[in-house]
Structures are given as C-alpha cells and as structure tokens.
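Novice: Input: one structure, supplied below.
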Amino acid sequence: MARIGFIGLGNMGAGMAANLAKAGHDVHAFDLSAEALARAKAAGCLPVASAAEAAQGAEAVVTMLPAGAHVESVYTDAVFGAAAPGTLLIDCSTIDVATAKRVAAAAAAKGLAAVDAPVSGGIAAANAGTLTFMVGGSDRDFARARDILAQMGKAVIHAGDNGAGQAAKICNNMLLGATMVATCEAFVLAEKLGLAAQKFYDIASVSSGQSWSMTSYCPVPGVGPETPADRDYQGGFAVALMLKDLKLAAAAAADSGATTPMGARAAELYQAFADAGQGGLDFSAIIRALEG
C-alpha cells in the first residue's frame with residue numbers, strides 16, 4: 001500500500017480519504033478545519049498540520065479543493081516545495097481547464113507528475129467509494145493514478161491529456177444542469193395538466209423522455225428511488241456547486257467559441273435561485289422556482 005497525502009476534507013474529500021485509508025493506504029490528511037481533521041482521524045487517516053506536511057514523503061498527493069485559485073495556491077505555495085521528485089499529484093477538484101493545464105505544466109517543471117481527475121457522483125458516492133473519475137494526463141501518469149482512484153470509485157476513465165478531465169466534467173455538468181431544469185419543467189407541467197407525478201414518472205421513465213435526472217435523481221418527493229427531494233432537498237449536490245460548474249462551462253464556451261444557449265439559460269435560472277437564498281439546497285430543488 002502507498003503513503004498518500006490528502007488535502008481538502010470537505011463533504012467530498014472526507015469520504016474519499018476515508019476510503020483510501022479503508023483500503024490500507026497510509027493517508028496523511030490536511031484541512032483547515034479542525035473538525036474535518038478529527039473526522040479523518042476517526043476514519044483511519046493521520047491528521048497533519050499543513051498541506052506541505054501532507055505532501056512530504058508521499059508517493060501520491062490527492063487534492064479536493066473548492067476552486068482553481070485554491071488548487072494553484074496549494075500546489076505552488078506548499079506541495080511543489082515539499083513533494084519528492086516523481087511524486088504523483090492527483091487533483092480531484094472541479095476547476096477551469098486553463099488552470100488544470102497550467103498546474104500540470106508547473107508540476108512537470110518541478111519533476112513531478114500530475115493528472116486532473118474531477119469526479120461525478122456526489123457525497124453519497126464519495127462515502128460509498130462509487131465515484132466516477134474523469135482523468136486528464138499522459139498514459140503513464142493515468143496508469144499510476146488509476147489504481148489509487150479505483151479505491152474511491154466504480155469507474156476511472158482516461159479522457160485525454162492534462163485538462164481533458166476538467167473538460168469532460170464541465171460538459172457533463174452543463175448537460176446535467178440543463179436536463180434537471182427540463183425534467184422539473186415537465187413534472188410541473190404534468191401536474192398542471194392533471195397528470196399525477198407517479199403516473200408521469202411511470203410513463204416517462206420508460207419512454208424517450210427518460211434521463212438520469214428522471215430515473216436516478218427524481219426531483220419530486222416520493223417518486224422513484226430515494227433522492228434529496230425526499231429529504232426536503234437537503235444534502236446531495238448543492239445549487240451553489242451546480243452554479244459554479246455552469247459558470248465554468250459558460251467561461252469555457254466563451255473561450256472556445258462554442259454556442260451553449262441551454263447551458264446559459266440553466267445558469268441564469270440557478271443564479272436567480274441562489275440569489276433568492278436557496279444556494280444550499282440540492283440542485284433538484286430548482287423545481288420550487290418553476291412551481292412559482
């Protein structure tokens with residue numbers, strides 16, 4: 001088993017680090033939150049006092065941080081100076097493609113290997129070890145990262161060179177955000193037309209309108225498998241996080257010249273919902289805004 005530094009023990013990182021420890025790895029974990037460090041210790045990790053200490057002596061360093069600025073700062077100010085040559089850096093944060101490429105290039109200049117490996121699946125999958133990882137990096141670095149990522153997920157997919165993992169995540173979540181809005185619209189319309197939500201689900205879930213947002217993450221309480229809708233939209237993937245990803249997609253579209261009107265409209269709707277004080281709810285709660 002490997003010695004792994006883990007930096008960032010939030011809602012996602014906590015479960016991921018715990019699964020690495022459960023798999024037998026020697027996980028040296030750091031977070032700014034004392035409470036998060038205590039949870040990591042209870043899960044079998046060794047809490048350390050800094051990001052640099054987490055990277056010292058590690059064969060691989062995993063980061064799960066809020067945004068690109070945090071990733072670049074942690075790598076530049078702490079990890080690059082502490083990690084031994086050849087250390088593999090695995091960033092599982094969702095950040096912009098340009099920053100992912102820039103960090104990877106800076107790592108290579110320091111004699112380190114780096115991949116971007118953002119995730120899909122949410123908090124429940126992070127805790128259960130059933131995440132999907134979309135990985136950007138060289139074939140060699142992907143092969144090294146795959147065995148570690150497999151301890152935290154059900155699927156580890158090589159998307160291409162550095163930055164490709166972030167590109168895949170941004171495109172996937174733009175699709176998810178727009179699809180969820182459309183799914184919520186359909187349920188609201190069905191109700192106003194006198195069609196029971198369960199009846200509509202029974203029909204649409206086996207018809208051409210079927211989607212993951214419909215059958216795996218239904219936004220209506222009591223319909224389909226259990227989702228955050230059954231918990232008053234608590235937990236799950238927060239509106240604020242969906243909005244962050246939609247903004248990343250919008251920025252990427254602008255930079256690349258792509259036309260994404262559905263993604264842009266979804267971002268507008270989620271922005272209005274967040275501005276109304278609903279940013280902490282699960283993103284499927286957007287159905288409340290559509291209900292008026």
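The values are calculated or read from the model by the stated rules, or taken from the named source; none is laboratory data. Everything quoted here is computed from the prediction, not taken from an experiment. Please note: Cβ atoms are built from the backbone with ideal geometry, for glycine as well, and neighbour counts cover all protein chains shown. These area figures cover heavy atoms from the full protein model, side chains too; ligands, DNA and RNA do not enter into them. Shrake-Rupley method; radii C 1.70, N 1.55, O 1.52, S 1.80 Å.
Novice: I need the fraction of alpha carbon pairs in region 81-124 separated by more than 18 Å, rounded to a whole percent.
Specialist: Roughly 32 percent, rounded to a whole number.
Novice: Going by alpha carbons, how many degrees (0 to 90, nearest 10) lie between the helix axis of 97-109 and the longest principal axis of the chain?
Specialist: 10
Novice: Calculate how steeply helix 239-256 sits against the longest principal axis of the alpha-carbon atoms of the chain, using the helix alpha-carbon long axis, and give the answer as 0 to 90 degrees to the nearest 10.
Specialist: 80
Novice: Counting each DSSP H run of 4 or more residues in the chain as -39500 (n - 2.57), what helix-only mean residue ellipticity at 222 nm follows after dividing by all residues, to the nearest 500 deg cm²/dmol?
Specialist: Theoretical 222 nm ellipticity from helices: -14500 deg cm²/dmol.
Novice: Which peptide among 105-111, 19-25 comes first, and what is the full order, when sorted by highest mean count of other Cβ atoms within 10 Å?
Specialist: Descending mean neighbour count gives 19-25, 105-111.
Novice: Determine the relative contact order of the chain: mean sequence separation of Cα pairs under 8 Å and six or more apart, normalised by residue count, in whole percent.
Specialist: So the answer I get is 13 percent.
Novice: Now a separate question. Determine how many Å³ per residue the convex hull of the Cα atoms of region 84-180 encloses.
Specialist: Hull volume normalised by residue count: 88 Å³.
Novice: Relative to the first principal axis of the alpha-carbon coordinates of the chain, what is the inclination of helix 164-192, with its axis defined by its Cα atoms, in degrees from 0 to 90 and to the nearest 10?
Specialist: Helix 164-192 and the main axis of the chain meet at about 20 degrees.
Novice: Ok, one more. Starting from one equal scatterer on each C-alpha and no solvent at all, send me the Debye-based log10 I(q)/I(0) for region 175-292 at q = 0.14, 0.18, 0.22 Å⁻¹, two decimals.
Specialist: Result of the Debye calculation: -0.57, -0.90, -1.23.
Novice: Something else now. I need two numbers for region 230-287: Rg to one decimal and Dmax as a whole number, Cα atoms only, in Å.
Specialist: Answer for region 230-287, Rg first and Dmax second: 12.1, 40 Å.
Novice: Mind pulling up the Rg/Rh value for region 122-171? Radius of gyration and Kirkwood radius, both on Cα. Could the numbers behind the result be given before it?
Specialist: On the way: Rg = 10.8 Å, Rh = 10.9 Å.
With Rh from the inverse mean 1/r over Cα pairs, Rg/Rh is 0.99.
Novice: With every protein chain left in place, what is the accessible area per residue of region 52-104 in square angstrom, probe 1.4 Å?
Specialist: Accessible surface, normalised per residue, equals 35 Å².
Novice: I've got another one for you. Which log10 I(q)/I(0) values does region 30-148 give at q = 0.15 Å⁻¹ under the Debye formula, counting every alpha carbon as one identical point scatterer?
Specialist: -0.67
Novice: Taking amide hydrogens as modeled 1.01 Å from N in the peptide plane, which residues meet the under 5 Å criterion relative to Ile7, leaving out close sequence neighbours?
Specialist: Phe30, Val62, Thr63, Met64
Novice: Given just the C-alpha atoms of the chain, how large is their convex hull per residue in cubic angstrom?
Specialist: Taking the convex hull of the Cα positions in the chain, it is 131 Å³ per residue.
Novice: Follow-up. Within the chain, what whole-number % of the accessible surface is contributed by carbon and sulfur, with the 1.4 Å probe and all protein chains included in the calculation? Show your work: numbers first, answer last.
Specialist: On the way: 7300 of 12880 Å².
With neighbouring chains kept in place, the figure for the chain is 57 percent.
Novice: Distance between Cα centroids, region 36-106 to region 246-292: provide it in whole Å.
Specialist: Here the answer is 29 Å between Cα centres.
Novice: Using a 1.4 angstrom probe and counting only protein chains, how large is the accessible area of Cys92 in Å², to 10?
Specialist: 0
Novice: Restrict the search to region 234-274; then list the chymotrypsin sites (Phe, Trp or Tyr not before Pro) that DSSP places in a loop and that have at most 15 other Cβ atoms within 10 Å of their Cβ.
Specialist: Of the chymotrypsin sites (Phe, Trp or Tyr not before Pro), not one in the loops of region 234-274 has a Cβ with at most 15 other Cβ atoms within 10 Å.
Novice: Turning to a different aspect of this structure: Set the bar at 22 Å for Cα to Cα. Now go through Lys101/Lys247; Lys192/Lys244; Lys101/Lys244; Lys169/Lys244; Lys22/Lys169; Lys169/Lys247 and name every pair that lies beyond it.
Specialist: Lys192/Lys244; Lys22/Lys169
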